[in-house]
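*Asks:* Dropping a structure here in structure tokens format, bear with me for questions.
The values are calculated or read from the model by the stated rules, or taken from the named source; none is laboratory data. The structure displayed is predicted, hence computed values, not measured ones. No Cβ is skipped: glycine too gets one built from the backbone with ideal geometry, and neighbour counts run over all protein chains shown.
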Amino acid sequence: MKSETGVHRLVRISPFDANKRRHTSFASVFIYPETDEDINIEINPDDLKTDTFRASGAGGQHVNKTSSREDYACADRNSGTMSKRKISAQKPGIGSQSAEGATLSAALEEERAKLANIEASKKKIEWGSQIRSYVFQPYTLVKDHRTNYESSNVNAVMDGDIDNFIQAYLAYREEG
């Protein structure tokens, strides 16, 4: 399905135009995996390292005398390695019982950053950026502009018959 990522162009007679003129629409399609499963990350406590920091200077009554985790002037930084990736989370007053939650939050934030980079790589929705055109009027044609594969059966393609387009894209990728 990765081959469907890109800008798709649709040319048709608009059912909303009283003068029955041709209209062009663009749609940006982006394919990425989605799962309904819960994320389950197992963290070995031996992989976690907790550093405790104290505030300096004037502050609360015991701020310079203690590094108690209950003291809000302190912060624990939990860091560890998962899948050979170093992750770090820091929150004021965090206890060791929250280390796994902080580590999970850091891992999820890293995944969000990856998705943001992928989103930024999308092409703009404009003329010349389309990967495929679906023309209903004045003739019927679906054309993949990357591979030059064409089909005149627009309705079948719109109903999901895209296997030939995917195969043409895979062959195109192998050649290039």
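*Asks:* What are the pairs with Cβ atoms under 8 angstrom where one residue, in segment 18-46, is assigned to a loop (DSSP other than H, G, I, E, B) and the other, located anywhere, is modelled with pLDDT of 90 or more and of a type in the set (A, V, I, L, M)? Sequence gap at least six, or different chains.
*Replies:* Pairs found: Lys20/Ile13; Arg21/Ile13.
*Asks:* Residue by residue through segment 118-163, note down the ones that are of a type outside the set (Asp, Glu), part of a helix (DSSP H, G or I) and exposed (fewer than 15 other Cβ atoms within 10 Å of the Cβ).
*Replies:* The answer is Ile118, Ala120, Asn155, Ala156, Met158.
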